[in-house]
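Here the structure is laid out as structure tokens; the discussion comes afterwards.
The values are calculated or read from the model by the stated rules, or taken from the named source; none is laboratory data. Quick caveat: nothing in here was measured; it's all calculated off a predicted structure. Keep in mind that these areas ignore ligands, DNA and RNA; they rest on the heavy atoms of the full protein, side chains included. Shrake-Rupley method; radii C 1.70, N 1.55, O 1.52, S 1.80 Å.
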Amino acid sequence: MELYSTNNPNTRVSFKEAVFNSMPQDKGLYMPVEIPRLDDKFITHLDQYSLPEIAFHVANHLLGDSIPADDLKAIIYDAINFYAPIVKLEDKVYVLELFHGPSLAFKDFGARFMSRVMSYFLEEGEKQLDVLVATSGDTGGAVALGFLGVPNTRVTILYPKGKVSDIQELQLTTNGQNIRALEIDGTFDDCQALVKQAFTDKELNEKFRLTSANSINIARLIPQTFYYFNAYAQLLRKGNDKAVFAVPSGNFGNIGAGLLAWKMGLPVEQFIAATNVNDTVPEYLKSGIYEPKPSVATLSNAMDVGNPSNWVRIADMFKGDIDQLKTLITGYSFDDEATLAAIKEVDAEDNYVVCPHTAIAWQALKDWQQQHSDSEATGIFLSTAHPCKFPDVFPDNIAEKIVVPEQVKDLEEKTKHSVILGKEFGEFKDYLLKHN
């Protein structure tokens with residue numbers, strides 16, 4: 001597998017180099033030179049395969065000889081060791097539950113795969129790998145658990161002070177060992193900007209072997225394709241072969257992975273990009289003008305992204321064909337009031353509790369279905385995280401229905417350890433240099 005930079009199509013790097021360097025020096029993002037189309041027979045018989053079998057087949061076709069097949073299979077079967085069921089709520093409406101991994105969020109797919117790939121590529125005696133990750137909530141927890149105890153690695157998590165839930169913060173700050181957490185007095189966009197600047201800082205790159213665990217890393221994006229194929233496989237078992245996916249969207253890695261699956265041959269009728277009031281992409285899809293803006297804090301904090309990094313990958317996949325992009329992707333955005341209303345409606349109609357991000361995807365799907373009542377497609381909306389991670393969001397009558405997993409109860413007994421920093425790059429760089 002070879003990759004190029006979205007800012008320079010003539011670039012060529014190996015998968016290993018893209019994983020470790022994560023972001024080209026020209027500040028683009030890596031994309032595969034070739035996106036192979038999967039065999040039609042495999043697609044039409046997806047229902048005959050398990051999630052790990054699907055994941056291996058997809059990854060093996062995409063990565064080629066970058067990792068020998070037997071080694072890749074071992075990585076996948078270790079990383080993807082939990083299930084991701086689609087659950088029917090009503091006719092033509094299913095939720096894809098992606099919170100059954102260790103950190104209770106969809107990010108477990110990417111973080112666990114990436115950490116094992118990095119560990120596989122790390123050779124004995126090599127310089128320590130420093131993983132920098134900005135998080136708006138769930139990425140940091142998934143990465144922390146994915147890398148915890150991995151030899152010769154150190155993870156530095158940057159998160160916006162006061163803008164993640166209590167449980168999310170505990171997942172970021174109570175690990176110890178090779179994981180450290182920085183509270184940045186700013187927004188997620190500020191955290192992401194610090195990480196991106198670090199990758200292009202000459203002094204830091206000479207001193208450290210830096211890489212990213214954000215969705216800017218191609219090793220995060222690839223495993224997220226697995227659950228789209230697996231959701232479609234489950235749909236086939238129910239006698240349906242037409243799917244619409246509604247995706248909670250913040251940094252646009254999640255829906256980017258869905259589009260990568262589509263490029264590989266997954267038949268999808270429509271992608272619905274569901275955002276909160278940080279609606280840069282839905283506005284672009286309406287106006288044709290892409291205008292990033294400062295992020296705004298909402299109840300769906302993991303989606304509080306005003307300048308989504310992965311949009312350049314999505315634009316790159318369509319090679320300037322804006323009409324095709326706008327035909328395949330529809331955007332919806334909702335404020336906190338609409339989010340709460342959706343949470344209450346799903347509970348009342350389906351006796352099902354959704355986190356605020358998942359609620360936005362549900363509402364977007366319902367709105368799309370109302371506007372396309374003649375569509376024969378079945379709607380699948382993606383969950384983001386277990387609702388227990390957002391206890392302050394829910395009214396008491398809904399909160400009492402949430403079953404809190406044991407690992408969350410264990411977290412609450414642990415002590416938080418973090419360092420508070422401002423949002424200036426000089427302060428962050430100084431911290432890294434002094435805490436080698």
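Structure notes:
- Residue-normalised accessible area of the chain, expressed per residue, 1.4 Å probe, Å²: 38 Å²
- In summary, the range 268-318 shows an alpha-carbon radius of gyration equal to 1.16 times the 2.2 N^0.38 Å reference for compact globular proteins.
- Considering only Thr280, Thr11, Thr339, the mean-square fluctuation computed in a Gaussian network model of the chain, springs between alpha carbons under 10 angstrom, is largest for Thr11.
- Each principal axis of the range 287-404 carries a Cα extent, and these read 49, 38, 22 Å when sorted largest first.
- Global size of the range 350-409 as Cα Rg and Dmax, reported in angstrom: 14.1, 46
- Mean separation of Cα contacts under 8 Å (6+ apart) over length of the chain, as relative contact order %: 19 percent
- Percent of Cα pairs exceeding the 13 Å cut-off, where the set is the range 172-213: 64 percent
- Over the range 278-349 - Rg/Rh using Cα atoms and the Kirkwood inverse-distance radius: 1.04
- The accessible area of Glu206, taken with all protein chains in place and a 1.4 Å probe, comes to roughly 120 Å².
- Expressed as a whole percent, the accessible area of the chain that falls on carbon and sulfur atoms is 46 (1.4 Å probe).
- For the chain, built as a Gaussian network whose Cα springs stay under 10 Å, the top-fluctuating residue of Asn240, Asn214, Asn175: Asn240
- Shown here is the pair-distance distribution of the chain: with all Cα-Cα distances grouped in 10 Å bins from zero up to the longest one, the shares run 4, 23, 34, 27, 10, 1, 0 percent.
- When the alpha-carbon atoms of the range 96-235 are used, the pair Rg, Dmax equals 15.1, 51 angstrom.
- Solvent-accessible surface (1.4 angstrom probe) belonging to Leu221, in square angstrom, nearest 10: 0 Å²
- When both the range 63-78 and the range 174-236 are represented by their alpha-carbon centers, they are found 21 Å apart.
- 32 Å Cα-Cα threshold exceeded, pairs from Lys127/Lys423; Lys161/Lys319; Lys238/Lys366; Lys73/Lys286; Lys88/Lys161: Lys161/Lys319; Lys73/Lys286; Lys88/Lys161
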